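Notes follow once the structure below has been shown.
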């Protein structure tokens with residue numbers, strides 16, 4: 001056991017360097033080192049030739065690295081990048097669904113939201129036109145945003161990529177977008 005700990009301590013820095021040259025993400029590299037350590041701890045005593053311990057350890061690491069990239073590739077296949085046409089269709093779908101939800105807001109929230117957000121009328125002017133205080137109008141606009149967020153989230157499954165592009169727009173009831181294009 002003591003010999004295994006010493007062997008591991010001697011191999012670990014080289015092993016981390018080996019893995020980091022192949023895997024960019026530090027956290028993933030550390031996870032792989034931990035997997036290799038676990039395998040090392042559980043099976044290194046089964047080796048007949050102790051001189052082959054380093055080679056065996058690096059082979060286990062190489063296998064874990066290949067597993068990582070295989071898994072990553074599978075995940076990339078599961079979420080294909082939409083074409084420009086699909087992306088435009090999804091953006092339009094979300095816009096149409098949002099328009100429906102805006103139309104269904106209670107009138108006091110809908111009017112405040114449409115004027116402030118869609119027509120870009122200054123909120124001070126809207127408050128004067130609607131005969132409410134400025135803070136009251138701000139509350140209505142905020143409440144409208146919150147109602148829209150809740151309604152959209154409850155009715156539609158919308159997924160975005162890291163750039164904010166819409167990848168999926170589906171009804172939560174399992175149907176596709178109620179406003180398909182093309």
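Each reported figure results from applying straightforward, stated rules to the coordinates on display, with no laboratory input. Just so we're clear, the structure is a prediction, and the values are computed from it rather than from any experiment. Heads up, the Cβs are rebuilt from the backbone with ideal geometry, glycines too, and the neighbour counts pull from every protein chain shown.
The value of relative contact order for the chain, using C-alpha pairs under 8 Å at least six residues apart, is 18 percent. Against the chain, whose longest principal axis is taken from its Cα atoms, helix 26-43 shows a tilt of about 40°. The angle between the Cα long axis of helix 53-78 and the longest principal axis of the Cα atoms of the chain comes to about 20 degrees, rounded to the nearest 10.
Provide 139, 17, 44 in ascending order of the number of other Cβ atoms located within 10 Å of each residue's Cβ, fewest first.
17, 139, 44
For the chain, the longest principal axis of the alpha carbon atoms and the long axis of helix 2-20 meet at an angle near 50°.
Cβ neighbours within 10 Å, averaged per peptide: list 45-51, 150-156, 89-95 in order, most packed at the top. Write down the numbers at each step before the final one.
Details: 45-51: 9.1, 150-156: 13.9, 89-95: 17.9.
So the peptides 45-51, 150-156, 89-95, ranked by packing, come out 89-95, 150-156, 45-51.
Taking every alpha-carbon pair within the stretch 2-78, the share separated by more than 17 Å comes to 43 percent. Working note: 222 nm ellipticity from helices only, DSSP H runs with n ≥ 4, each -39,500 (n - 2.57), summed and divided by the residues of the chain, gives -22000 deg cm²/dmol to the nearest 500.
Taking N as the number of residues in the chain, what is its Cα Rg relative to 2.2 N^0.38 Å? It would help to have the intermediate numbers written out before the result.
Values: Rg = 28.4 Å, N = 182, 2.2 N^0.38 = 15.9 Å.
With N residues counted in the chain, Rg over 2.2 N^0.38 Å equals 1.79.
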